[in-house]
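The values are calculated or read from the model by the stated rules, or taken from the named source; none is laboratory data. Everything numeric in this text was worked out from a predicted model, so none of it was measured. Because the Cβ atoms are built from the backbone with ideal geometry, glycine has one as well, and the counts that use them run over all protein chains shown.
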Amino acid sequence: MRQTFIVMSNLKLIAPSILSADFNHLGRDIEMINQSEADYIHFDVMDGVFVPNISFGIPVIEHVSKIAKKPLDVHLMIINPDLFIDPFADAGASIITVHYEVCKHLHRTIQTIKNRDIKASVCLNPHTPVDLLNDIIEELDMVLLMSVNPGFGGQKFIENTYRKVAQLRSLIEDKNPECLIEVDGGVNFTTGKKLFDCGANVLVAGSFVFGSENPEKIIGDLKKL
């Protein structure tokens, strides 16, 4: 059953990214997330064209959706995302994020997502200015800011992200206070605390969670930042 997406501007949420999970024991890792204080399960879908890596696609999300007890947060790092909105929605996505950089008709893409009764989000790469969302922000449920260059996990956090989060928070408070801010890349206790302080709501954490000795504890500790 698709999970309810709760929208509150003061939420602090954690979305473990299964890109860093152990795919030999993916079911085990999903059950760990189910039992943890995590709020979403984050999927980085990469096509090897828009980003220099290939990850996984619809079959993985379909299988995870059968056992997941958290909403599936699907980040499409792909060209032509419009072609895949229905398949990912059918697979169980609760949130679909598309990249500003690849959507020729962004408003139409967002409406297509919303017409499937799921939440619509737009991602900005590190070089993409926040103010480009000025005319679409009122239509969005979430904005994802990349704090590393998309394509690979474990990269160094880009410090300019703090400024972008603050800028985006100002835009959101002015035009759409219920829109959430998600940040992906280089999240740890230090960067996570600063991101929350700047106005972020959702932290995506991959290698920091799954590379630890106690992933469930790390998730809980991130929630407390």
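Which condition number does Val204 fail, the rest of (1) assigned to a helix (DSSP H, G or I); (2) within 15 Å of the chain's Cα centre (by Cα); (3) not acidic (Asp, Glu) being met? For Val204, the failing item is (1).
Residues in the range 152-174 that are out of contact with any helix residue (DSSP H, G or I) (no Cβ under 6 Å at 6 or more places or on another chain), within 22 Å of Val74 (Cα to Cα) and not in a helix (DSSP H, G or I): Phe152, Gln155. For the range 191-225, a residue qualifies if it is surrounded by fewer than 20 Cβ atoms within 10 Å (Cβ to Cβ), of a type in the set (Ser, Thr, Tyr) and either at pLDDT 95 or above or more than 16 Å from His42 (Cα to Cα) (or both), and exactly one does: Ser212. One residue stands out in the range 54-73 among those that are within 21 Å of Ala120 (Cα to Cα) and of a type in the set (Lys, Arg): the one that is farthest from the chain's Cα centre (by Cα), namely Lys69. Checked against (1) part of a helix (DSSP H, G or I); (2) over 21 Å from Ser55 (Cα atoms); (3) not charged (D, E, K, R), Pro177 meets all criteria but (1). Does the range 184-198 contain at least one residue that is assigned to a strand (DSSP E or B) and of a type outside the set (A, V, I, L, M, F, W, C)? Yes, the range 184-198 contains a residue that is assigned to a strand (DSSP E or B) and of a type outside the set (A, V, I, L, M, F, W, C). A search for C-beta distances below 6 Å between a residue of the range 185-201 that is touching a residue at least 40 places away in the same chain (Cβ under 8 Å) and any residue that is part of a loop (DSSP other than H, G, I, E, B) and not polar (S, T, N, Q), counting only pairs 6+ apart in sequence or on different chains, returns Thr191/Phe157; Phe196/Lys12; Phe196/Leu225; Asn201/Leu11. Can you confirm whether the range 57-66 contains a residue that is closer than 29 Å to Leu171 by Cα, hydroxyl-bearing (Ser, Thr, Tyr) and in a helix (DSSP H, G or I)? No: the range 57-66 contains no residue that is closer than 29 Å to Leu171 by Cα, hydroxyl-bearing (Ser, Thr, Tyr) and in a helix (DSSP H, G or I). Within the range 181-190, being in contact with an Asp or Glu (Cβ under 9 Å, 6 or more places away or on another chain) and either among the polar types (S, T, N, Q) or buried (at least 24 other Cβ atoms within 10 Å of the Cβ) (or both) holds for Glu182, Asp184.
Residue check: Lys175 meets all listed conditions (1) over 21 Å from Ala15 (Cα atoms); (2) surrounded by 18 or more Cβ atoms within 10 Å (Cβ to Cβ) but one, namely (2). For the range 99-132, how many residues meet the condition of being within 20 Å of Tyr40 (Cα to Cα), β-branched (Val, Ile, Thr) and touching a Cys at 6+ places or on another chain (Cβ under 7 Å)? Counting residues in the range 99-132 that are within 20 Å of Tyr40 (Cα to Cα), β-branched (Val, Ile, Thr) and touching a Cys at 6+ places or on another chain (Cβ under 7 Å) gives 0. For the range 187-208, which positions are touching a strand residue (DSSP E or B) at 6+ places or on another chain (Cβ under 6 Å) and not small (Gly, Ala, Ser)? Residues satisfying the conditions are Val187, Leu195, Asn201, Val202, Leu203, Val204. Scan the range 32-49 for residues that are touching a residue at least 12 places away in the same chain (Cβ under 8 Å), surrounded by fewer than 18 Cβ atoms within 10 Å (Cβ to Cβ) and in a loop (DSSP other than H, G, I, E, B) and jot them down. Those that are touching a residue at least 12 places away in the same chain (Cβ under 8 Å), surrounded by fewer than 18 Cβ atoms within 10 Å (Cβ to Cβ) and in a loop (DSSP other than H, G, I, E, B): Glu37, Val49. Can you say whether Ile33 is within 15 Å of the chain's Cα centre (by Cα), of a type in the set (Val, Ile, Thr) and at pLDDT 95 or above, as far as the supplied structure shows? Judged against the criteria, Ile33 is not a match.
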